[in-house]
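Written out below as structure tokens is the structure these notes cover.
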Amino acid sequence: MSDPSSNDPIALTQALASFEDLWSPRIVTRVNDYDVRVAKVAGEHVWHAHDDTDEFFLVLDGELRIALREDGTERTVTLAKGSVFTVPRGVEHRPYAPSGASILLFEPTGTLSVGDRHEEIPDHVDATTGHALG
Ligand code: NI
């Protein structure tokens, strides 16, 4: 279960139950050059942008909000459980989850969780390209 290249099924509920860290994605499998990552989140992430890749979000549980800065204005999208949203490359965004959420991310292997540009990283945010499942 810890090897992303293994060919065994991964139960996402089990994967999520195997760690407690917030804003610290685990890689559950890979698809071509992409990681499928899951994360537990609560509170605020950090404003950041991925210059070279879109970033896909699926909310597995709870509610995720994503603040976006586009064309000089700011808006927030709210994703209920079961919703998907893709942040376009280059767009500054800050995910947050006032009541907590579990999310699935789909993005190129090596993508940094805090992007290529970011504000100062608070202690509760893990700057990572994703961890193996424990
Ligand atoms: Ni991002």
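The values are calculated or read from the model by the stated rules, or taken from the named source; none is laboratory data. Only a predicted model underlies this, so the values are computations on that prediction, with no experimental measurement involved. No Cβ is skipped: glycine too gets one built from the backbone with ideal geometry, and neighbour counts run over all protein chains shown. Quick note on the areas: whole protein, heavy atoms, side chains included, nothing else; ligands and nucleic acids left out. Shrake-Rupley method; radii C 1.70, N 1.55, O 1.52, S 1.80 Å.
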Scan the range 44-57 and give yes if some residue there is of a type in the set (V, I, T), buried (at least 18 other Cβ atoms within 10 Å of the Cβ) and in contact with a Pro (Cβ under 9 Å, 6 or more places away or on another chain), otherwise no.
-> yes
Taking the range 87-125 and the residues there that are farther than 16 Å from H50 by Cβ and charged (D, E, K, R), the one that is nearest to the ligand (Cβ to nearest atom) would be E120
Out of (1) of a type in the set (A, V, I, L, M); (2) out of contact with any strand residue (DSSP E or B) (no Cβ under 7 Å at 6 or more places or on another chain); (3) in contact (Cβ under 8 Å) with a residue 24 or more places away in the chain; (4) more than 27 Å from D8 (Cα to Cα), the one A97 does not meet is (2)
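Quick grid of which residues meet (1) modelled with pLDDT under 95; (2) more than 12 Å from the chain's Cα centre (by Cα); (3) within 22 Å of V77 (Cβ to Cβ); (4) open to solvent by 70 Å² or more (accessible area, probe 1.4 Å):
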site: Y96; (1), (2), (3), (4): no, no, yes, no
site: R117; (1), (2), (3), (4): yes, yes, yes, yes
site: D123; (1), (2), (3), (4): yes, yes, no, yes
site: T129; (1), (2), (3), (4): no, no, no, no
site: G134; (1), (2), (3), (4): yes, yes, no, yes
Considering only strands (runs of 3 or more DSSP E) wholly within the range 1-79, the ones with at least 1 residues that are hydroxyl-bearing (S, T, Y) and in contact with a Gly (Cβ under 6 Å, 6 or more places away or on another chain) are none
Per the filter on the range 41-73, residues more than 16 Å from the ligand (Cβ to nearest atom), of a type outside the set (G, A, S) and within 18 Å of P95 (Cα to Cα) are L60, D61, E63, T73
